[in-house]
Amino acid sequence: MQTLQIERRSAAARLDRLPIGSYHRRIMWLLGFVFFSELGGINTFSFAAPAIMKVWHLSISTVSLLVSATFIGMFVGATTGGWFSDRLGRKRALILTTCWFSGFSLLNAFVWGPAGLFLTRLLTGVGLSAMTVVGITYVSEMFPATKRGAYQGWIMTIGLMGIPVTAYVARFTIPIAEWGWRLVFVWGALGLLFPLFANSIDESPRWYESHGQLAEADAVLDRIEVRARAEFGELPPAPESVATPSRRGGYKELLARPYRARTLMLISAWICQTLGFYGFTAWVPTLLVAHGFSMVNSLAWSSAISIGAVPGALIAALISDRWERKWSITIAALVIAFCGLMYGTTFKTVTIITFGFLVAMFIQTFAPLLYAYTAECYPTEIRNSGTGLGYGLGRLSNAFGPLVVAYLYTNHGYTSVFVYIATMWLMVAIIIGSLGPLTKGRTLE
């Protein structure tokens, strides 16, 4: 038995030597579709909120509570979804969480009051966040070390198209009738199609290996290598690296040495990032209407601004594996802080759209970088739990973020909201730039 373990090459060694081929591109498109539906689902309420406010006669404070519901759910989903995936498996967790958020997004379309919408947004948030954590980890485990950052960026490029597409769905469906906003939530259920195509991807062999299921891990690796040989010919030999002994990790290990400082750093960065990210993206349409612009203009401008998400993720795909991710994240956060501050101090249409577009673009350059960076800060047995804890606590913090935005807007005016948002992004740059480890191209184990 000892001889077998010495001769066997680890999943990390066998995956990291593979060239990128049709198998990896299939994963890219399928995960891109899942993130397309997830990112569209997160933003459905943002685009529907102005119409819901008008039809139900809601105040900014009530809308802030509805936004908070999503993020309370996202905290629950991130923290339990990581644990769920570490035990059930990446692929099964990915299917179940996608169906969860899509199904509850559909239920959003059939509620008839704020209390019902609070509940369905909370349950939608559980699935949205759980899927994101599982998806980030799956990408980091299935792609070679030298390409995982770039392909996280390509997947997010596809996924982020869900934001402007959802914006335009809202732009053209909401004015149809008083109930037009309900169609936006029907659109958010697109992910229910994912199980039809899920057989095209495999369970993560790293997950199998970390659970001591070496035969299952080798079966997946053999299938992947057969496809790669058919496409590229003989593969380079795997480095001499054996699997580490199987062990279970958990939240207790995340807060013990050597991961305690790293975990606290990532939690702090995720909290500030989430407050800055959703302080902008979740409130732009509503704040523009509240500031005196028409709902039609607000939706049109928000739609134009949201297009910036797609080139932003494309930039991330192009630079992610070229430069050290720590410094790319730091620079992107500083640029977002500056552009967000400029957006909040102008009231001219061209300037609003220009700086809004730049914020949307660089936010989505930043997001794939932080997703890849967080996952590669931990080994397999605690990767999903570590990613889920940082991501989840960030989402939980945004249960209070909308209340902060509502307070600042009501008591200190429109510009104060964007000073707050810029401060959050500046904090991200300081935290990652001063405390983050270097990770570029390193093996995940």
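The values are calculated or read from the model by the stated rules, or taken from the named source; none is laboratory data. Quantities reported herein were computed from a predicted structural model and do not represent experimental measurements. Reconstructed Cβ throughout: ideal geometry from the backbone, glycine too, with neighbour counts over all protein chains shown. For the accessible areas, the whole protein counts, side chains as well, though only heavy atoms, and no ligand, DNA or RNA atoms are used. Shrake-Rupley method; radii C 1.70, N 1.55, O 1.52, S 1.80 Å.
Cα-based count: Lys pairs in the chain below 29 Å, eight or more positions apart or different chains?
10
Mind checking the dipole of segment 1-99: about its Cα centre, +1 per Lys or Arg Cβ, -1 per Asp or Glu Cβ, Debye to the nearest 20?
On the way: 11 positive and 4 negative charges, 87 e Å.
Value, rounded to 20: 420 debye.
Could you please state, rounded to a whole Å, how far the C-alpha centre of segment 174-194 is from the C-alpha centre of segment 386-445?
If we compute the Cα centre of each part, the gap is 29 Å.
Using unit Cβ charges (K, R positive; D, E negative) and no other charged atoms, how large, in debye to the nearest 20, is the dipole of segment 295-427 about its Cα centre?
Details: 6 positive and 4 negative charges, 33 e Å.
Here the size comes out at about 160 debye.
Would you mind getting the accessible area per residue of the chain, heavy atoms of the protein chains only, 1.4 Å probe, in Å²?
Working: 16680 Å² over 445 residues.
Result: 37 Å² of accessible area for each residue.
First check a/c for segment 361-403, with a ≥ b ≥ c the square roots of the eigenvalues of its C-alpha gyration tensor; if it is under 1.5, answer rounded, and if not, answer prolate when a/b is larger than b/c or oblate otherwise. Let's see the in-between values first.
Values: a/c = 4.91, a/b = 1.29, b/c = 3.81.
Judged from the Cα gyration tensor, segment 361-403 comes out oblate (a/c at least 1.5, b/c at or above a/b).
Using the Kirkwood radius built from alpha carbon pairs, what does the Stokes-Einstein equation give as D for segment 296-445 at 10 °C and 1.306 mPa s, in µm² per second? Write out the running numbers ahead of the final one.
Values: Rh = 16.6 Å.
Estimated via Stokes-Einstein, D reaches 96 µm²/s.
Quick one: putting +1 on the C-beta of Lys and Arg, -1 on the C-beta of Asp and Glu, what dipole do you get for the chain around its Cα centre, in Debye to the nearest 20? Before the final figure, lay out the partial values.
Numbers: 34 positive and 22 negative charges, 70 e Å.
That gives the chain a dipole magnitude of about 340 debye.
Compactness ratio of segment 157-213: Cα Rg over 2.2 N^0.38 Å, N = residue count? Write down the numbers at each step before the final one.
On the way: Rg = 18.0 Å, N = 57, 2.2 N^0.38 = 10.2 Å.
That works out to 1.76 for segment 157-213.
Can you tell which of 192, 132, 390 lies farthest toward the positive end of the dipole of the chain, using +1 and -1 charges on the Cβ of basic and acidic side chains (Lys, Arg; Asp, Glu)?
The listed residue farthest towards the positive side: 390.
So what is Rg over Rh here for segment 137-265, counting just Cα atoms and using Kirkwood for Rh? Don't skip to the end; give the middle numbers.
On the way: Rg = 21.2 Å, Rh = 19.1 Å.
Here the Rg-to-Rh quotient is 1.11.
Would you work out what percent of the accessible area of the chain, with all protein chains in place, is carbon or sulfur (probe 1.4 Å)?
Numbers: 11440 of 16680 Å².
The computed percentage sits at 69.
Determine the shape class of segment 119-189: with a ≥ b ≥ c the square roots of the Cα gyration tensor eigenvalues, call it rounded for a/c under 1.5, and otherwise prolate if a/b is greater than b/c, oblate otherwise. Display every interim value, and only then the final one.
On the way: a/c = 5.66, a/b = 1.96, b/c = 2.89.
Oblate.
Rg and Dmax in Å for segment 18-126, alpha carbons only: what are they?
Gyration radius and largest Cα-Cα distance of segment 18-126: 16.4, 57 Å.
I'd like to compare 56-64, 138-146, 202-210: which one has the highest average count of other Cβ atoms within 10 Å, and what's the full order after that? Show your work: numbers first, answer last.
Working: 56-64: 16.1, 138-146: 22.3, 202-210: 24.6.
Result, highest mean first: 202-210, 138-146, 56-64.
Kindly provide the helix-only [θ] at 222 nm of the chain, computed as the sum of -39,500 (n - 2.57) over DSSP H runs of four or more divided by all residues, to the nearest 500 deg cm²/dmol? Could you put the intermediate results ahead of the total?
Numbers: 21 runs with 337 residues, N = 445.
Taking each H run of at least 4 residues, the total per residue is -25000 deg cm²/dmol.
List every DSSP H helix in the chain whose Cα atoms extend 30 Å or more along the helix's own long axis and whose mean Kyte-Doolittle hydropathy is at least 0.0. Walk me through the numbers before you get to the answer.
Values: long enough: 22-56 (49 Å, 0.70); 60-88 (41 Å, 1.05); 114-142 (41 Å, 1.16); 260-281 (31 Å, 0.71); 349-375 (39 Å, 1.56); 414-435 (33 Å, 1.89).
Helices meeting the criterion: 22-56, 60-88, 114-142, 260-281, 349-375, 414-435.
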